[in-house]
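The values are calculated or read from the model by the stated rules, or taken from the named source; none is laboratory data. All figures in this text were calculated on a predicted structure; none of them were measured in a lab. With ideal geometry, Cβ positions are generated from the backbone for all residues, glycine too; neighbour counts draw on all protein chains shown. Please note that ligands, DNA and RNA were not included when accessible areas were found on the heavy atoms of the full protein model with its side chains. Shrake-Rupley method; radii C 1.70, N 1.55, O 1.52, S 1.80 Å.
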Amino acid sequence: MEFHASAQTCLTWSGDCLVIGLTEASLPLTGPLADLNTQVSGLLQELIDETEFTGKDGSTAVIRVGGTVKKLGIVGLGSADDLSLEGIRRAAAAAARMAKKEKCTTLGLSLPTYQNDPAQTAQAAVEGATLALHQDKRFKSEDKDNGKVVLEAIHLLDLAGQEAGITTAQAVCEGVILARELTSAPANVVTPAVLAQTAQEIAAAHGMDCEILEREQCEALGMGAYLGVALASDLPPKFIHLTYRPAGSPSRKLAIVGKGLTFDSGGLNIKGPGSGIEMMKIDMGGAAAVLGAAKAIGQLKPNAEVHFISAAVENMISGKAMRPGDILTASNGKTIEVNNTDAEGRLTLADALVFAEKLDVDAIVDLATLTGACIVALGDDIAGLFTEDDDLANALSTAAATAGEKFWRLPMEAKYFEGLKSIVADMKNTGPRPGGSITAALFLKQFVEKTPWVHLDVAGPVWTEKESGYNNPGGTGFGVRTLVEWVKAQD
Ligand code: BES
Ligand code: MN
Ligand code: ZN
């Protein structure tokens, strides 16, 4: 898809499909919109009347007008006072879907400018349209859209000179799409080795360093928690460490850690009926977001140094499997009684967090599809955010708001660590069912000594069954855009 930052307006552009974003305040039509209505012989007003269009957020309508534009569409943006970048993304998504459905080759998109910021407006519009149009057909034997008319170009009207916003969005979307495709691919395709290879490809493409630690190297580092999870799989674990270094001296040093379980069977505590074992290919959604962010950051070249880390592995069952009750020793020397082999993500993260802290970074963020309990608490669309560092919580929340991803801060209630007390070891890996996402965060805390750290439980939002806004059914790439915004904000 080509994007153009165009000096044309809704009155001068010609092409297949013109789509206008209207807020509730755009009605009744005045100024250029009234002129456009005259230009199309009143058909715009007719469309508004016939569909009882009020500009409500998410509403759309389209009419054939002929002449210099074939189709005229309208998309609702809701209240003008509440106009957000997310509203721009969703409107662009709706417009792109409409143009595709109407079999248009070119789309002229006229949207209000968000807070006098044409650069952010252009970026958000390109993100919304690109992500809405991304469809993953890698595993279909035939492409049903083959031979059909395709949307080739989107012209962002009244946004002349905003090429930089387009380029930024394209880098971000490449990252989101990579994360989506890694998440959607099944576990017989995306293995720990494939995640490692993906990291190496990103390094090669964008001049980054990549080190893959093999099992023996992880053993030498004492990563007993991570390697305990790896015992039963025939696929070797791959510990991924990808590093982006800015050209000058770094503004800050950051580590981003992703849970990379390419499949989670539960281990000997095998996932029972109704626990969604068949969905557990998504258990590397955190690692996917980390690699997606790396792909974007490698192109955007911010001033912070960023370490991208994932202890990639598969949680399987065999005679070699770790047993419930086994005691593992993590690389910081702490011992863990594995009272449930299905709480494997925190075991892998334990060693990954210790590794990250040794890099002497200023902050650590981890993303993990860690607990079903977090989905019970916050539903499918909102990720849990856990930290004891208010500045980091605020920085992540600000980045997330700009990115249009939803997080909700949950408490690190210290008292609940009692639930992880073990008779024989330093801690157990699971506590009682209530507050399961909190005890998981408290477990991780045992592996970070002093570096500001935030844990993001993304179990819900990395996957969606339904089309919504710019998301399509499948992996969402959740987390990439927040991470990119957060890293950029350290400049
Ligand atoms: N990968 C799962 C969590 C998960 C569940 C992710 C649903 C995405 C969708 C994790 O490894 C797990 O099994 N967690 C257990 C923890 C329990 C054993 C304490 C859970 O949430 O049930
Ligand atoms: Mn599990
Ligand atoms: Zn898991």
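Residues are listed down the side, and each one gets a yes or a no for (1) within 16 Å of ligand 2 (Cβ to nearest atom); (2) charged (D, E, K, R); (3) touching a residue at least 40 places away in the same chain (Cβ under 8 Å); (4) open to solvent by less than 20 Å² (accessible area, probe 1.4 Å):
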site: LEU300; (1), (2), (3), (4): no, no, yes, no
site: HIS307; (1), (2), (3), (4): no, no, yes, yes
site: PRO324; (1), (2), (3), (4): yes, no, yes, no
site: LYS334; (1), (2), (3), (4): no, yes, yes, no
site: GLU337; (1), (2), (3), (4): no, yes, yes, no
site: ALA343; (1), (2), (3), (4): yes, no, yes, yes
site: ALA350; (1), (2), (3), (4): yes, no, yes, yes
site: LEU359; (1), (2), (3), (4): no, no, yes, no
site: VAL365; (1), (2), (3), (4): no, no, yes, yes
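Listed here are the residues, each with its yes/no results for (1) among the β-branched types (Val, Ile, Thr); (2) open to solvent by 60 Å² or more (accessible area, probe 1.4 Å).
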position: LEU182; (1), (2): no, no
position: THR191; (1), (2): yes, no
position: THR198; (1), (2): yes, no
position: GLN217; (1), (2): no, yes
position: TYR226; (1), (2): no, no
position: ILE240; (1), (2): yes, no
Practice problem: Just give me the residues in region 1-26 being modelled with pLDDT of 95 or more, surrounded by fewer than 19 Cβ atoms within 10 Å (Cβ to Cβ) and touching a helix residue (DSSP H, G or I) at 6+ places or on another chain (Cβ under 7 Å), in sequence order. | Solution: THR9, LEU11, GLU24, ALA25
Exercise. Scan region 317-366 for residues that are within 13 Å of ligand 1 (Cβ to nearest atom) and part of a loop (DSSP other than H, G, I, E, B) and jot them down.
Key: PRO324, VAL338, ASN339, ASN340, THR341, ASP342, ALA343, GLU344
Self-check item: Selection from region 160-205 of residues that are among the polar types (S, T, N, Q) and closer than 20 Å to ASP117 by Cα
Solution: GLN162, THR167, THR168, GLN170
Quiz item: Has region 57-80 got any residue that is closer than 18 Å to ALA95 by Cα, in contact (Cβ under 8 Å) with a residue 24 or more places away in the chain, out of contact with any Cys (no Cβ under 7 Å at 6 or more places or on another chain) and basic (Lys, Arg)?
Solution: no
Self-check item: In region 252-293, the residues that are part of a strand (DSSP E or B) and more than 24 Å from LEU231 (Cβ to Cβ)
Solution: LYS253, LEU254, ALA255, ILE256
Quiz item: Scanning for something within 24 Å of the chain's Cα centre (by Cα), at pLDDT 95 or above, closer than 29 Å to ASP326 by Cβ and not in a helix (DSSP H, G or I), does region 393-414 turn up at least one residue?
Solution: yes
Practice problem: Filter region 153-176 for residues that are touching a Lys or Arg at 6+ places or on another chain (Cβ under 9 Å) and either acidic (Asp, Glu) or open to solvent by 40 Å² or more (accessible area, probe 1.4 Å) (or both) and give the result. | Solution: GLU174
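Every residue, every condition in (1) crowded, with 23+ Cβ neighbours inside 10 Å; (2) more than 13 Å from ligand 1 (Cβ to nearest atom); (3) of a type in the set (Val, Ile, Thr), yes or no:
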{"position": "SER422", "(1), (2), (3)": "no, yes, no"}
{"position": "PRO432", "(1), (2), (3)": "no, no, no"}
{"position": "ILE438", "(1), (2), (3)": "yes, no, yes"}
{"position": "ALA441", "(1), (2), (3)": "yes, no, no"}
{"position": "PRO473", "(1), (2), (3)": "no, yes, no"}
{"position": "LEU483", "(1), (2), (3)": "yes, yes, no"}
{"position": "ALA489", "(1), (2), (3)": "no, yes, no"}
